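> Quick one: the structure is below, questions incoming.
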Amino acid sequence: MKITQIKKIKRSLKKPHSDPPERCCCVSNEVDTAPCCGPRMVATGGEITDKVPGFISWMDFSTGKVPHISASLTIADHFGACMARWGFNRMRHIVPPGLYAIGAPGLDAPVCVTANYKMSYDTVRSALSGRNVWLLVLETFGVNVWCAAGKGTFGTNELVRRIAKTELHTVVNHRQLLLPILGAPGISAHEVAKRTGFSVCYAAIRADDLPRFIDNGMITTTDMRKVSFTTYERLVLLPVEIMLAVKSIALISTAVFLAALLADGYTAALMMVLAYLGAVLTGIVLVPLLLPWIPGRSFAVKGALAGVGWCTLLYYCAHGSSWSLPTTAASFLALPALCAFHALNFTGCTTFTSRSGVKKEMRVGIPIMGSAVIIGIMLLIMGRFL
Amino acid sequence: MTGLRYLKNVATLKLDQSACIGCGGCLEVCPHQVFALEGKKARIDDRDACMECGACAKNCPVSVITVDAGVGCASGMINAWLQEHNVRGMKGGSCC
Ligand code: SF4
Ligand code: SF4
């Protein structure tokens, strides 16, 4: 990809009000439209009814009813979360926006704000088990706080609108909201204060720290402010990554298999598909899992190194010494390139890579990866005529 | 974040220290502890740790921070490029 093309992308990314080419968490969307990471179709949370997850009873107010919800998750909640992680049924993994009550909150109880992705809602309510708090759920179209904040749906306008709609000023007599720190990219605290009178307090990164934060006199400690990216946190991201890539992997595998079948027969075709799948899975699964231990800062470099590792393994396990020179060269060029490409893709899921960094990696990396794959294919074809 | 660091010298984060009122808002929202307060002024302490999320710029009451914010994701940028050039069907899937 040429530099001018990257520049064009940059420009298109900068126009939030033009029609974004692909609804994606990386392309800034117009505020209040449903984004891609959530359900495909525009799905909203709908209205609060007695069917909301964890519903116990109604609390009556002069301004309306508020559902009192349970803070403990059921087996169905866990099962739903598991399905959602694999990308199934995301359409229904959404809760209605509005005000909820956990425990028996009164006029002084803290108000916690979250997104209407069901997993965000579940994480927060289970973290607040045994407490008396209000939970204000914003309409983020079923997308988690971090992704929705990046797009602006977990944003100032939605928060202001939701405060007005739930008549929060009549429900509590204080004027403070507790927000997740990772929601800050979408919220302008001073603007919320100006427009609603509620001050925004960024409590913690993880919902699990909320009780500790409240017990600490509503003061954030340094560790609550530090974002983490543990092996487990990376692990749970992988299923969706795999599911998203399945279609293109299946297509390319079939093409590779057929081409190799026509050229070199069944065994060679199977080998080619195995080599391809190994490289892709190394990039999608192994690189994210082993992220801190693979040398380099660049994801493309990490991917390429892992790809060389995979190719070496293949070389030793599949009688590499009997491969022809062009085949060997092609493998060591194309496989690391494929692996690097998929590893680079994972930058979209992390909480420490910057867009400028990814742009730089793409500007330098994509032409190299493309050339490596093309040269690899040419070597394989040429090898047949040697 | 311990252990995981991204590329050096790429972050577009800028701070006009002269107009900073030292409210500490940026320190409160930054998940990577990029800022430090020095007397009554914020200072960029660790620019390479910045992930360009934009939280600091959005929460600075006097707008003295600028950053080219956005979630960086390779397939999103490729999709944008393909669509802009009317290449269809190649990468029709979504990212993230
Ligand atoms: S853009 Fe985000 S990571 Fe960078 S300094 Fe601001 S708050 Fe910190
Ligand atoms: S948020 Fe703005 S005014 Fe407040 S300390 Fe940071 S740079 Fe200074």
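The values are calculated or read from the model by the stated rules, or taken from the named source; none is laboratory data. All of these numbers come straight from a predicted model, not from anything done at the bench. We place every Cβ from the backbone using ideal geometry, glycine too, and count neighbours over all the protein chains shown. Ligands, DNA and RNA are stripped out before the accessible areas are found, and what is left, the full protein with its side chains, is counted by its heavy atoms. Shrake-Rupley method; radii C 1.70, N 1.55, O 1.52, S 1.80 Å.
> Scan the stretch B:35-61 and report the pairs whose first residue is closer than 16 Å to A:ARG225 by Cα and whose second residue is β-branched (Val, Ile, Thr) and near ligand 2 (Cβ under 9 Å from one of its atoms), with Cβ atoms within less than 8 Å and a gap of 6+ or a chain change.
Here the result reads B:ALA55/B:VAL29; B:CYS56/B:VAL29; B:CYS56/B:ILE65; B:ASN59/B:VAL29, each pair linking the stretch B:35-61 to a residue that is β-branched (Val, Ile, Thr) and near ligand 2 (Cβ under 9 Å from one of its atoms).
> Which of the residues belonging to the stretch A:312-348 are at pLDDT below 90, over 20 Å from A:ALA260 (Cβ atoms) and either surrounded by fewer than 16 Cβ atoms within 10 Å (Cβ to Cβ) or outside the structural domain of A:ILE284 (by TED's automatic domain parsing) (or both)?
A:SER321
> Has the stretch A:240-257 got at least one residue that is in the same structural domain as A:ALA337 (by TED's automatic domain parsing), open to solvent by less than 40 Å² (accessible area, probe 1.4 Å), among the aromatic types (Phe, Trp, Tyr) and within 18 Å of A:ALA330 (Cα to Cα)?
Checked the stretch A:240-257: no residue is in the same structural domain as A:ALA337 (by TED's automatic domain parsing), open to solvent by less than 40 Å² (accessible area, probe 1.4 Å), among the aromatic types (Phe, Trp, Tyr) and within 18 Å of A:ALA330 (Cα to Cα).
> Identify all residues within the stretch B:18-49 that are more than 8 Å from ligand 2 (Cβ to nearest atom), more than 10 Å from chain A (Cβ to nearest Cβ) and not charged (D, E, K, R); write none if there are none.
Within the stretch B:18-49, B:SER18, B:VAL34, B:ALA36, B:GLY39, B:ILE44 meet the criteria.
> What pairs come up if the first residue lies in the stretch A:331-354 and is facing chain B (nearest Cβ under 7 Å) and closer than 12 Å to A:LYS302 by Cβ, the second is of a type in the set (D, E, K, R) and open to solvent by less than 20 Å² (accessible area, probe 1.4 Å), and their beta carbons are under 8 Å apart, counting only those six or more places apart or on different chains?
Taking only residues 6 or more apart or on different chains, the pairs are A:LEU344/A:GLU361; A:THR347/A:GLU361.
> Taking the options B:LEU37, B:LEU27, name whichever one is under 25 Å from A:SER199 (Cβ atoms), in a strand (DSSP E or B) and either open to solvent by 20 Å² or more (accessible area, probe 1.4 Å) or hydrophobic (A, V, I, L, M, F, W, C) (or both).
Among B:LEU37, B:LEU27, only B:LEU37 is under 25 Å from A:SER199 (Cβ atoms), in a strand (DSSP E or B) and either open to solvent by 20 Å² or more (accessible area, probe 1.4 Å) or hydrophobic (A, V, I, L, M, F, W, C) (or both).
> A further question on this structure: Determine, yes or no, whether A:VAL236 is over 30 Å from A:ARG175 (Cβ atoms), in contact (Cβ under 8 Å) with a residue 40 or more places away in the chain and surrounded by fewer than 15 Cβ atoms within 10 Å (Cβ to Cβ).
Yes.
> Hey, among A:HIS93, A:HIS68, which residue is open to solvent by less than 80 Å² (accessible area, probe 1.4 Å), out of contact with any Ser or Thr (no Cβ under 9 Å at 6 or more places or on another chain) and of a type outside the set (Ser, Thr, Tyr)?
A:HIS93
> A follow-up question, please. Got at least one residue in the stretch A:216-235 being on the phi < 0 side of the Ramachandran plot, away from chain B (no Cβ under 14 Å) and in contact with a helix residue (DSSP H, G or I) (Cβ under 8 Å, 6 or more places away or on another chain)?
yes
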